[in-house]
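Undergrad: What follows is a single structure, and I will ask about it in a moment.
The values are calculated or read from the model by the stated rules, or taken from the named source; none is laboratory data. This structure is a prediction, so every number in the text was calculated from the model and none was measured. Positions of Cβ are generated from backbone atoms using ideal geometry, with glycine treated the same way; all protein chains shown enter the neighbour counts.
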Amino acid sequence: MPKIDILNGPNLNLLGQRQPEIYGHEKLDDVARDCTALGAELGLETLLRQSNHEGELVEWIQEARQASAGIILNAGAYTHTSIAILDALNTFDGPVIELHISNVHAREGFRHHSYISARATGVIAGFGTEGYLLALRRMATLVL
């Protein structure tokens, strides 16, 4: 089964607790459970990880070069600031789906720019945590 890395950036460990009016009440563990179940249905192995550290995300992206067919990335605030993550993504040959739980384009102006989009195959934003499942469904069509 093709492996899909689902990588999450800063503060997503607080999903369900931090600003639930924006990000909802579901926890990252719930997202991981749902992604594992849907991945199995679609014929994909999923690995969901979260880090508050930019360098760790870069290392995971570099690891994916050898082990994964695709990356779903919710880089959190690093979306708008990290050239290092973009550079790492540019070394990855498979599809990359940029993911945002909220509609970043309906929020503060600084959230309208994404370094990740320069490399992303596609972007999903504003569908809450259901966006992870939408991203997995799309990823299945790209790698299977």
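Undergrad: Residues to consider are 13, 52; find the one that is in a loop (DSSP other than H, G, I, E, B) and either more than 19 Å from residue 133 (Cβ to Cβ) or over 16 Å from the mean Cα position of the chain (by Cα) (or both).
TA: None of the others qualify; the one that does is 52.
Undergrad: A follow-up question, please. From 74, 8, grab the single residue that is in contact with a His (Cβ under 8 Å, 6 or more places away or on another chain) and within 15 Å of residue 86 (Cα to Cα).
TA: Among 74, 8, only 74 is in contact with a His (Cβ under 8 Å, 6 or more places away or on another chain) and within 15 Å of residue 86 (Cα to Cα).
Results for (1) over 23 Å from residue 3 (Cα atoms); (2) at pLDDT below 95; (3) under 15 Å from the mean Cα position of the chain (by Cα), shown as yes or no for each residue.
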residue	(1), (2), (3)
21	yes, yes, no
42	no, no, no
63	no, no, no
122	no, no, yes
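Undergrad: Being of a type in the set (S, T, N, Q), surrounded by 12 or more Cβ atoms within 10 Å (Cβ to Cβ) and either in contact (Cβ under 8 Å) with a residue 40 or more places away in the chain or not in a helix (DSSP H, G or I) (or both) narrows it down to one residue among 36, 46; which is it?
TA: Answer to the check: 46.
Undergrad: Could you look through region 83-106, keep only residues that are β-branched (Val, Ile, Thr), out of contact with any Lys or Arg (no Cβ under 6 Å at 6 or more places or on another chain) and assigned to a helix (DSSP H, G or I), and pick out the one that is nearest to residue 15 (Cα to Cα)?
TA: 85
Undergrad: Test residue 111 against the criterion of being among the charged types (D, E, K, R), more than 14 Å from residue 142 (Cβ to Cβ) and under 14 Å from the mean Cα position of the chain (by Cα), and give yes or no.
TA: Considered against the rule, which asks whether it is among the charged types (D, E, K, R), more than 14 Å from residue 142 (Cβ to Cβ) and under 14 Å from the mean Cα position of the chain (by Cα), residue 111 comes out as no.
Undergrad: In addition: Can you tell me which residue among 141, 91, 129 is closer than 19 Å to residue 44 by Cβ and surrounded by fewer than 17 Cβ atoms within 10 Å (Cβ to Cβ)?
TA: Answer to the check: 141.
Undergrad: Next question. Consider only pairs whose beta carbons are under 9 Å apart and that are at least six residues apart or on different chains; among these, list those whose first residue lies in region 93-117 and is more than 18 Å from residue 4 (Cβ to Cβ) and charged (D, E, K, R) and whose second residue is assigned to a loop (DSSP other than H, G, I, E, B) and modelled with pLDDT under 95.
TA: Going by the 9 Å Cβ cut-off, the qualifying pairs are 111/102.
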